[in-house]
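Undergrad: Please read through the structure below; I'll follow up with questions.
The values are calculated or read from the model by the stated rules, or taken from the named source; none is laboratory data. What you are looking at is a predicted structure, and each value in this text was computed from that prediction instead of being measured. Cβ: placed from backbone, ideal geometry, glycine included. Neighbour counts: every protein chain shown. The protein model used for the area step is the full one, side chains on, heavy atoms only, and it has no ligands, DNA or RNA in it. Shrake-Rupley method; radii C 1.70, N 1.55, O 1.52, S 1.80 Å.
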Amino acid sequence: MVTLKLTVLSILFGLVIGSIAGLGKVSKNKLFFGISTTYVEIIRGTPLLVQILIVYFGLPAIGINLQPEPAGIIALSVCSGAYIAEIVRVGIESVPKGLMEAARSLGMSYLQSMRYVILPQAFRNVLPALCNEFIALLKDSSLLSVISIVELTRVGRQIVNTTFNAWTPFLGVALFYLMMTIPLSRLVSYSQRKLGTYEVT
Amino acid sequence: MSVDKGEVVVIIGPSGSGKSTLLRCINRLEEPTSGRIILDGVEITGNKVDINKIRQRIGMVFQQFNLFSHLTAIQNVTLAPIKIKKMDKNEAMETGMRLLEKVGLADKADYYPAQLSGGQQQRVAIARALAMNPEVMLFDEVTSALDPELVKEVLDVMKQLAKDGMTMIVVTHETGFAKEVGDRVIFMDDGIIVEEGKPEKIFSNPEHERTRRFLSMIL
């Protein structure tokens with residue numbers, strides 16, 4: 001349950017961060033574009049484990065002390081945000097340019113066009129990619145066990161430590177991850193079929 | 001050039017002659033590098049104008065329809081009035097349905113663009129542009145991407161619009177339409193207006209050599 005909670009919270013924050021950074025990556029504003037690109041490059045270029053360690057053990061050195069859970073959520077959100085930014089960028093670019101022009105020609109501002117026209121379609125186009133990111137994040141949350149968050153993987157380790165039996169508990173842990181990820185991918189293929197009615201001809 | 005209220009101006013010319021660019025400059029989808037555009041006595045070029053407000057008064061229909069594919073026909077038509085004009089939902093729906101009726105698609109209101117033919121999509125696009133109640137309508141080669149048998153239904157809607165007194169600027173290769181509906185024809189080549197006049201005169205007795213050469217290729 002902790003695993004699920006951490007993942008859901010992180011993906012939500014990640015979506016917010018990622019959408020903003022994704023907009024930055026298609027922005028004509030050089031500063032916005034620069035910041036977004038730098039953020040994405042740094043996060044994608046470093047291991048998540050290292051990011052988690054920096055947030056939890058590194059930040060206290062500059063005076064920011066965080067409880068394990070907030071630290072974990074921050075690390076996961078910031079990380080997934082970078083990947084989601086790329087997904088959002090691809091999604092926006094997948095929507096034909098003419099739609100932006102059509103929206104603008106009706107008198108919508110750039111942001112209104114994005115919000116009402118481009119992003120809904122972009123979101124639909126990248127739903128599978130977003131789901132993959134969600135699944136990846138769910139699995140990556142196991143790394144949080146290193147900062148003493150009692151999530152699924154750590155529970156498994158605790159059981160192993162007390163029972164000296166590594167086989168069954170870890171197998172059980174793997175099974176629990178599958179129980180979460182399989183329904184997720186099912187859900188996406190189902191929703192895609194439902195949304196398919198207005199797929200491009 | 002100037003266009004009077006209620007006038008239908010048809011722009012013809014070879015591809016790359018700047019017809020579409022001219023049209024797109026009018027609502028500033030393309031920024032004019034020089035010159036001024038005046039709508040109803042007010043200059044709309046320059047940095048001070050709120051271009052979004054201006055665009056609400058200028059409807060545009062595109063060659064590629066550009067319908068919002070995640071919305072149904074009626075939602076395409078009502079989106080801008082509801083979100084931008086803050087029109088009441090029911091009122092927008094009513095107006096929207098009336099417009100769809102006008103383009104002959106009231107029965108397709110709940111269809112998604114992908115479920116409609118090209119001609120039907122383009123008619124929805126016309127209804128969508130009309131929904132903002134514009135003073136001028138710009139048509140950018142709106143029948144060029146259509147199968148030949150679907151062209152007529154779109155042109156018929158445009159003819160009706162012209163009859164209703166809409167001010168229209170139409171870039172097209174449909175000479176039949178130009179002759180029948182156009183009050184004035186403008187021939188463009190290389191970014192300049194070479195010749196303009198009544199359709200009968202331009203098509204039957206053009207003054208310029210370039211116009212003649214172009215017409216001999218398409219007629």
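Undergrad: List pairs: first in the range B:40-58 and surrounded by 18 or more Cβ atoms within 10 Å (Cβ to Cβ), second of a type in the set (Gly, Ala, Ser), Cβ under 6 Å, 6+ apart or cross-chain?
TA: B:Arg55/A:Ser105; B:Arg55/A:Gly107; B:Gln56/A:Gly107
Undergrad: Something else about it: Could you please let me know if A:Glu151 is away from every other protein chain (no Cβ under 14 Å), in contact (Cβ under 8 Å) with a residue 40 or more places away in the chain and either open to solvent by 60 Å² or more (accessible area, probe 1.4 Å) or under 30 Å from B:Gly59 (Cα atoms) (or both)?
TA: So A:Glu151 does not fit the description; no.
Here is a yes/no grid of residues against (1) under 11 Å from the mean Cα position of the chain (by Cα); (2) more than 9 Å from chain A (Cβ to nearest Cβ); (3) closer than 21 Å to B:Glu91 by Cβ; (4) charged (D, E, K, R):
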| position | (1), (2), (3), (4) |
| --- | --- |
| B:Ala106 | no, yes, yes, no |
| B:Asp110 | no, yes, yes, yes |
| B:Pro113 | no, no, no, no |
| B:Gly118 | no, yes, no, no |
| B:Ile126 | yes, yes, yes, no |
| B:Asn133 | no, yes, yes, no |
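Undergrad: Still on this structure, please answer the following. Cβ-Cβ under 6 Å, sequence separation 6+ or interchain: first residue in the range A:109-129 and over 12 Å from A:Arg89 (Cα atoms) and facing chain B (nearest Cβ under 9 Å), partner of a type in the set (A, V, I, L, M) and open to solvent by 30 Å² or more (accessible area, probe 1.4 Å). Which pairs?
TA: A:Arg124/A:Leu195
Undergrad: Go through the range A:27-104 and tell me which helices (runs of 4 or more DSSP H), entirely inside it, have 2 or more residues that are within 14 Å of chain B (Cβ to nearest Cβ).
TA: A:68-94
Undergrad: For B:Glu135, which of the numbered conditions (1) over 14 Å from B:Val61 (Cβ atoms); (2) open to solvent by less than 10 Å² (accessible area, probe 1.4 Å) fails to hold?
TA: (2)
Undergrad: Ok, one more. Among the residues of the range B:61-88 satisfying the criterion of being within 13 Å of A:Leu106 (Cβ to Cβ) and among the β-branched types (Val, Ile, Thr), which is nearest to the other protein chains (Cβ to nearest Cβ)?
TA: It comes out as B:Ile84.
Undergrad: What is the one condition in (1) closer than 30 Å to A:Pro47 by Cβ; (2) out of contact with any Cys (no Cβ under 8 Å at 6 or more places or on another chain) that A:Ser185 does not satisfy?
TA: Of everything listed in (1) closer than 30 Å to A:Pro47 by Cβ; (2) out of contact with any Cys (no Cβ under 8 Å at 6 or more places or on another chain), A:Ser185 misses just condition (2).
Undergrad: Among the helices (runs of 4 or more DSSP H) lying completely within the range B:155-219, list those that include at least 2 residues that are within 26 Å of B:Leu99 (Cα to Cα) and touching a residue at least 60 places away in the same chain (Cβ under 8 Å). Explain how you work it out, then say what you get.
TA: On the way: elements: B:175-181, B:199-204, B:209-218.
So the answer is B:175-181.
Undergrad: So B:Phe187 passes all but one of these: (1) surrounded by 23 or more Cβ atoms within 10 Å (Cβ to Cβ); (2) within 14 Å of chain A (Cβ to nearest Cβ). Which condition number does it fail?
TA: All conditions are met except number (2).
Undergrad: For the range A:56-93: of the residues being over 16 Å from the mean Cα position of the chain (by Cα) and closer than 17 Å to A:Ala129 by Cα, which is most open to solvent (accessible area, probe 1.4 Å)?
TA: A:Glu93
Undergrad: Hey, another quick one. Of everything in the range B:11-39, what is in contact (Cβ under 8 Å) with a residue 60 or more places away in the chain and either touching a His at 6+ places or on another chain (Cβ under 8 Å) or of a type in the set (Asp, Glu) (or both)? Give them in sequence order. Let's see the steps before the verdict.
TA: Initial filter on the range B:11-39 (in contact (Cβ under 8 Å) with a residue 60 or more places away in the chain): B:11-14, B:17-24, B:26-27, B:39.
Selection gives B:Ile12 alone.
Undergrad: Could you list, in sequence order, the residues of the range B:19-29 that are crowded, with 18+ Cβ neighbours inside 10 Å and more than 12 Å from chain A (Cβ to nearest Cβ)?
TA: Those that are crowded, with 18+ Cβ neighbours inside 10 Å and more than 12 Å from chain A (Cβ to nearest Cβ): B:Lys19, B:Leu22.
Undergrad: Among the listed residues A:Leu130, A:Leu187, identify the single one that is surrounded by fewer than 16 Cβ atoms within 10 Å (Cβ to Cβ) and either in contact with a helix residue (DSSP H, G or I) (Cβ under 9 Å, 6 or more places away or on another chain) or not hydrophobic (A, V, I, L, M, F, W, C) (or both).
TA: A:Leu187
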